[in-house]
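So the structure is just underneath, and the comments pick up after that.
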Amino acid sequence: MVVWVVPETLEVVMTLYRDPQATTFDDKSWNFLVVNESRGRRSVVAAAPLELGRLAGVGDTPLSLSLRPRTRKVTTATLRLRLRGLVLMEGHPT
């Protein structure tokens, strides 16, 4: 079992699009990966997709993602995170 106890804050700025008549943003899928680096090579050991368009503008959202194992050495993997969505500006894309 591997546990990272020190929380790390990452800030990401992205552009999400929305139809003026719609109440939700268009889907933007991100993949969270756990990568093993051994002998200079990277290999994905677990992964989970997340649709960020559904979570935009919601505020603080605690999430627990069950990552799908990609190798036999990993039996289960869970990623716990807190996601904050903030709408900075609305308008027409230029």
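The values are calculated or read from the model by the stated rules, or taken from the named source; none is laboratory data. Note that this is a predicted model, so its numbers are computed, not measured. Don't worry about glycine lacking a Cβ; one is built from the backbone with ideal geometry, like all the others, and counts go over all protein chains shown.
Count, please, the residues in the stretch 16-54 that happen to be of a type in the set (Ser, Thr, Tyr), exposed (fewer than 10 other Cβ atoms within 10 Å of the Cβ) and either within 26 Å of residue 76 (Cα to Cα) or touching a strand residue (DSSP E or B) at 6+ places or on another chain (Cβ under 8 Å) (or both).
2
Which one is farthest from residue 87 (Cα to Cα), of the residues in the stretch 35-49 that are under 15 Å from the mean Cα position of the chain (by Cα) and touching a residue at least 24 places away in the same chain (Cβ under 8 Å)?
Here the residue is 46.
Quick check on the stretch 68-94: of everything there that is part of a loop (DSSP other than H, G, I, E, B) and surrounded by 14 or more Cβ atoms within 10 Å (Cβ to Cβ), which residue is modelled with the highest pLDDT?
So the residue we want is 70.
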